[in-house]
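Here the structure is laid out as C-alpha cells; the discussion comes afterwards.
No value in this document is a laboratory result; all are computed from the given coordinates. What you are looking at is a predicted structure, and each value in this text was computed from that prediction instead of being measured. Here Cβ is always computed from backbone atoms with ideal geometry, including for glycine, and neighbour counts include all displayed protein chains.
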Amino acid sequence: MYMKTYHNIECDCLEKIQEESLHWIKTHTDLLTDASQFWNKIDSKLFLLQNPTLVKFCLDKKLSIREVAVLITTDDVTLHVDEGPVVAKLNVPLKNTKDTFTEWYEVPEINSMVSVESPFGNPYLDLKNVDLNKCKKINEVELVTPLIFNSSIPHRVRVNSKSKEPRVVLSCMFFKEPKHYLEEDLALA
C-alpha cells in the first residue's frame, strides 16, 4: 500500500462548521489577534460541545474526534514532519486559505536526520534548514475543502503573500486514525 499525501472530503456543511468554529475561537481565545505559534492546542472538549456541526459531520463518516488544534499563520511555514504518532488528520479550512498551499516533498537522506524536541516536549523532524532545491516536490494542495492530511510526509505551507489576515485551519485528530483515506493500491493507481 502507498500512502497518499491527502484525500479531499466532501462537505456540504463547511460554511456552518466555519461559522461555529470561528465563533468559538473568537469568544474563547485570542488566537485570531495574538497567535504566537503555528500549532495551537485548545480545550477540545469544550470546543466540541459547542461545535455540533463538525461533530455530526465526523460521526457521519464514523470518525470520533479525540483532539482539535487551531493552525494560524501569516507567513510561510518551513518544511517539517508533524510529531507522531498521529499520521492522518482532518484539516478544515476556516479562514483565508484561498491561494495558500501545502506542499509535500521527498527529502534526500531523511532517515539519517536527528529528531529535535517540539514546543510540546515530543520528538519530531525539524527540516527548516533543508535546501528545498535538493528536494523533490511530490504534491501540493490549496486547502479550500476539508481533507484528510498525511502529516508523516515532509511538508510546508506557502501562504498568499498579498494576504493581510492570517490563514486559519482547524486540525482534528481521531481516536481511530482515518488512514484508509490515504491508502492507495499502486496496482489501481
(request) Just subtract the alpha-carbon distance of residue 86 and residue 136 from 0.36 nm times their residue separation and send over the number in nm, one decimal. (result) 15.6 nm
(message) From the helices alone, meaning DSSP H stretches of at least four residues, give me the mean residue ellipticity at 222 nm for the chain, per-run term -39500 (n - 2.57), in deg cm²/dmol to the nearest 500.
(response) -5000 deg cm²/dmol
(request) Determine the relative contact order of region 2-179: mean sequence separation of Cα pairs under 8 Å and six or more apart, normalised by residue count, in whole percent. (result) 36 percent
(message) Counting other beta carbons within 10 Å of each residue's own, what order do 105, 124 fall into, fewest first?
(response) 124, 105
(message) Using amide H atoms built in the peptide plane, which far-off residues or other-chain residues are under 5 Å from residue 73 H to H?
(response) 167
(request) Have a look at 23, 80, 155 and tell me which one the Gaussian network model of the chain (Cα, springs below 10 Å) gives the largest fluctuation. (result) 23
(message) Taking only Cα atoms of region 136-189, what ratio of Rg to Rh do you get with Rh as the Kirkwood inverse-distance radius?
(response) 1.00
(message) Please rank 3, 173, fewest neighbouring Cβ atoms within 10 Å first, as an exposure proxy.
(response) 3, 173
(message) Give me a comma-separated list of calculated 3J(HN,Hα) values for region 32-47, in order, Karplus coefficients 6.51, -1.76, 1.60 applied at θ = phi - 60°, integers in Hz, x for any Gly or Pro.
(response) 6, 10, 8, 8, 9, 9, 6, 9, 10, 6, 10, 6, 4, 4, 5, 4
(message) Could you work out how much longer the chain between residue 98 and residue 145 gets when fully extended? Use 0.36 nm per residue separation minus the Cα distance between them, nm to one decimal.
(response) 15.9 nm
(request) Treating the angle as unsigned and between 0 and 90°, give the value, to the nearest 10°, between the Cα long axis of helix 14-28 and the longest Cα principal axis of the chain. (result) 80 degrees
(message) As I understand it, the dipole of the chain uses +1 on the Cβ of Lys and Arg and -1 on the Cβ of Asp and Glu, about the Cα centre. Which of 107, 152, 44 lies farthest toward its positive end?
(response) 44
(request) Amide H neighbours of residue 83 under 5 Å, at least 5 residues apart or on other chains, H built in the peptide plane: list them. (result) none
(message) Using a Gaussian network model on the chain with a 10 Å cutoff between Cα atoms, which of 97, 78, 33 fluctuates the most?
(response) 33
(request) On each of the three principal axes of the Cα atoms of the chain, give max minus min coordinate, whole Å, ordered largest first. (result) 45, 40, 33
(message) Please compute the Kirkwood hydrodynamic radius over region 17-125, one decimal place, Å, based on all pairs of different Cα atoms.
(response) 16.0 Å
(message) With the crude spin-label approximation of a point 7 Å out along Cα→Cβ, what separation in nm comes out for residue 75 versus residue 56?
(response) 4.1 nm
(request) Please work out the Cα center distance from region 121-160 to region 6-74, rounded to the nearest Å. (result) 21 Å
